[in-house]
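Worksheet: one structure, shown below.
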Amino acid sequence: MLSLPLLIWQLAFFLFPLLFLVALSFWTVRNFQMQPDLDFGNWERILTRRAFWDAYLLTALLATASAVLTSLIAFPAAYAISFKVSDRVKQWLIFVLIIPFFTSYLVRVYSLQVFLSDAGIINAFLGFFGLGPILMLNTLFGTLVGLVTLCLPLVVLLQTFSLNFVDRDLVEAAHNLRCGRLRTVLMVIVPSARVGLVIAALFAFILSFGDFVSPLYLGGGNPPTLSIMITDITKSGQQWPRAAVVALMMITTLLTVAFLAIQFAYKERGK
Amino acid sequence: MTGNRNIVIEALLRLHVLACLIFIFAPILGSFVFSLNSDRFPSLPLGHFSLEWYRLIWEDPFVWSGFFNTVIVGLCVAVIATLLGFGGAYTDYRYKFVGKNVYLALALLPPTIPVVIMGLAMLAFLSRINLSGSTISVIIAHGVMCSPFAMAIIRLRLSQMDPDLEAASWNLGGNEWATLRHVIVPFARPAIFAALFITMAVSFDEFAVAWFVSGLNETLPVKILGFLQGQVSPGSTPSARLPSSARSR
């Protein structure tokens, strides 16, 4: 059977490690050794800590901001690509938007550091016009720039594909019925492409929620996000059970958000 | 397309697309420019043209070992992920069975799990079965993460196949394996090659999970992560930047 290798591989090396994470979160650490246990101490320690909830809030906020911002920036572009350009230009643009997936995100972030730093490209450019250096690196703004860079190509592509499926006759009909331009976009195009738009935003949320590179190297890592917390805890020794608790909280959040988003996407139109 | 065009709005939309492209590609082009620039921390005005950084990288044994690790991992992952992905794609194309949704979810979900969590789960699990800190652990982890891409690409190709082809082959006396070998694999060949390349590219670029599980056998992106962390000249004291995985039991 051809189906079995994939099934076995994903059971053994994907599902099982994730389930193992659940077990791990109940283990205890004694003398720098992890011991199998059924102990709620890790959960208690993490969930009663202020720092964890601060990080949780920050991460959720950043991911939401990134999803909303990326969707808003991407939509006019996707709209233009889907509706306003010739087929050849469309194909060419889609091809160009795939290129970033083959470039290293790390290198891009490093490059962004050079753009955003105090003595960096953007501030030097502003300096020509006598505008003082603006602090961008190691701020939330820096983090957001990185996250949008990460998500934008994917979101534009997903939005473009969903807009391609919008029935052109509907748009024509709206125009014939004297529906205004903006109103057509908001009342006809956006609702018909809702599933794709929501899924695109969901992907942006998931990517931003789990990313630790932008918050660390563009946001300065302080205060930490949840993913920075996980890498810190894992790096600094044998407290993996606590890192597992943080990871499980992240997964729970992501599953909830994904579930709600998909519910919303497929909800019956109207009421 | 539609009746009432407005030149101003269309121009603005085009400008917006251009702005998005600039935003996306400025860092990519920037990194090329900076790599040819003499300054360590580039700023305006740029320093002079220099290939010094390329020479440093070229002469750095750590970079080379990382490069070889990356290539080995990438090649193995491409083959494994494509084989797994082909099996998955064919299963989805050919069979209907109870629990197929679960099968598909299991097959396609890995890319949606944050890499940090994948990394931690892999590290904890693989160190438990004494497989962490080796090249094999990176291959296993990347196999999980890349096979969905291979599966999606091959599945897309299979959906373009005439379903009668398979039936015709059976009518002509081909058994299931013969049909697979002489009809389906040749038809899917372009997608199989695409899958090989894409999975290799994904593996080449993946740094987070590799960072968690690779230990001393760092791949190139993991080394880049180290450079980024240390902001030091490539090659100096890489051991200081290793995650705990190197020390794992």
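Phi-derived couplings, Karplus 6.51 cos²θ - 1.76 cosθ + 1.60 at θ = phi - 60°, listed residue by residue for segment A:164-179: 4, 8, 5, 5, 5, 5, 4, 5, 4, 4, 4, 5, 4, 8, 6, 7 Hz, with x used for Gly and Pro. Taking the C-alpha atoms only, the angle from helix B:115-128 to the longest principal axis of chain B is near 80 degrees. Against the main long axis of the alpha-carbon atoms of chain B, helix B:185-205 sits at an angle near 20°. Classification of chain A by its C-alpha gyration tensor yields an oblate form. The axis ratio a/c (a ≥ b ≥ c) is 1.5 or more, and b/c is at least a/b.
Here residue A:44 sits with roughly 120 square angstrom of accessible surface, probe radius 1.4 Å. In a reduced charge model with +1 at each Lys and Arg Cβ and -1 at each Asp and Glu Cβ, segment B:56-214 shows a dipole moment near 420 debye about its Cα centre. Overall, segment A:48-207 carries a charge dipole of about 200 debye about its Cα centre when +1 sits on the Cβ of Lys and Arg and -1 on the Cβ of Asp and Glu, all other atoms neutral.
Comparing A:34, A:129, A:116 along the charge dipole axis of chain A, the residue lying farthest to the positive side is A:129, per the Cβ-charge model.
Shielding value for A:234-242 is 4, the average number of Cβ atoms from other chains within 10 Å of each residue's Cβ.
Cα-based values for the protein assembly as shown, radius of gyration first and Dmax second, are 24.5, 81 Å. Mean-square fluctuations from a GNM of chain B, with a 10 angstrom spring cutoff on Cα atoms, peak among B:49, B:227, B:204 at B:49. Per residue of B:9-17, other chain Cβ atoms within 10 Å of the residue Cβ number 5 on average.
Rounded to the nearest 500, the helix-only mean residue ellipticity at 222 nm of chain A stands at -21500 deg cm²/dmol, with each DSSP H run of n ≥ 4 adding -39,500 (n - 2.57). Across the protein chains, with a 1.4 Å probe defining accessible surface, the residues B:185, A:198 rank B:185, A:198 from largest area downward. Taking amide hydrogens as placed 1.01 Å from N in the peptide plane, the amide H of residue A:28 sits under 5 Å from those of A:35, A:37, each at least 5 positions away in sequence or on another chain. Inter-chain neighbour count for A:90-96: the average number of beta-carbon atoms from partner chains within 10 Å of each residue's beta-carbon is 1. Computed with every protein chain present, the accessible area of residue B:32 is close to 130 Å² [probe 1.4 Å]. Rounded to the nearest 500, what is the 222 nm mean residue ellipticity of chain B from helices alone, with -39500 (n - 2.57) per DSSP H run of 4+ residues and division by all residues? Helix contribution divided over all residues of chain B: -22000 deg cm²/dmol. In a simple Cβ point-charge model (Lys, Arg +1; Asp, Glu -1; nothing else charged), the protein assembly as shown has a dipole of about 700 debye relative to its Cα centre.
Here the gap between residue A:94 and residue A:49, fully extended at 0.36 nm per residue and compared with their Cα-Cα distance, gives a gain of 11.6 nm. Taking amide H as placed 1.01 Å from N in the peptide plane, the amide H of residue B:37 sits under 5 Å from that of B:50, each at least 5 places away or on another chain.
As a test of the definition: with a 1.4 Å probe, what buried accessible area, both sides summed, do you compute for B against A, in Å² to the nearest 100? Result for this pair: about 7200 Å² buried. The angle between the Cα long axis of helix B:135-158 and the longest principal axis of the Cα atoms of chain B comes to about 50 degrees, rounded to the nearest 10. Sorting B:16, B:182 on solvent-accessible area from highest to lowest, probe radius 1.4 Å, gives B:182, B:16. When the Gaussian network model of chain B links Cα atoms closer than 10 Å, the mean-square fluctuations of B:200, B:161, B:151 top out at B:161. By definition, a body whose alpha carbon gyration tensor gives a ≥ b ≥ c is oblate when a/c is 1.5 or more and a/b is not larger than b/c, and segment B:1-147 fits this oblate description.
For A:217, B:54, A:56, A:266, the ranking by accessible surface with the largest value first comes to A:266, B:54, A:56, A:217, using a 1.4 Å probe. Of all the options B:26, B:201, B:107, the one that moves most in a Gaussian network model of chain B with Cα springs shorter than 10 angstrom is B:26. The distance separating the Cα centre of segment A:216-271 from that of segment B:9-30 comes to 31 Å. Each residue of segment B:81-92 is assigned a 3J(HN,Hα), and the resulting list reads 5, 5, 4, 4, x, 4, x, x, 5, 5, 4, 5 Hz, derived from the Karplus form 6.51 cos²θ - 1.76 cosθ + 1.60 (θ = phi - 60°), x at Gly and Pro. Surface composition of chain B: carbon plus sulfur atoms hold 70% of the accessible area, using a 1.4 angstrom probe and ignoring ligands, DNA and RNA.
The chymotrypsin sites (Phe, Trp or Tyr not before Pro) of segment B:66-140 that DSSP puts in a loop, and whose beta carbon has at most 16 other beta carbons within 10 Å, are B:95, B:97.
Projecting the Cα atoms of A:24, A:179, B:129 onto the charge dipole of the protein assembly as shown (Cβ charges, centred on the Cα centre) puts A:179 farthest toward the positive pole. With all projection directions averaged, the alpha carbon convex hull of segment B:56-247 covers 12.6 nm².
The values are calculated or read from the model by the stated rules, or taken from the named source; none is laboratory data. Note that the structure is predicted; figures quoted are calculated from it, not measured. Cβ atoms come from the backbone with ideal geometry, glycine included; neighbour counts cover every protein chain shown. All accessible areas refer to the heavy atoms of the entire protein, side chains included, with ligands and DNA or RNA removed. Shrake-Rupley method; radii C 1.70, N 1.55, O 1.52, S 1.80 Å.
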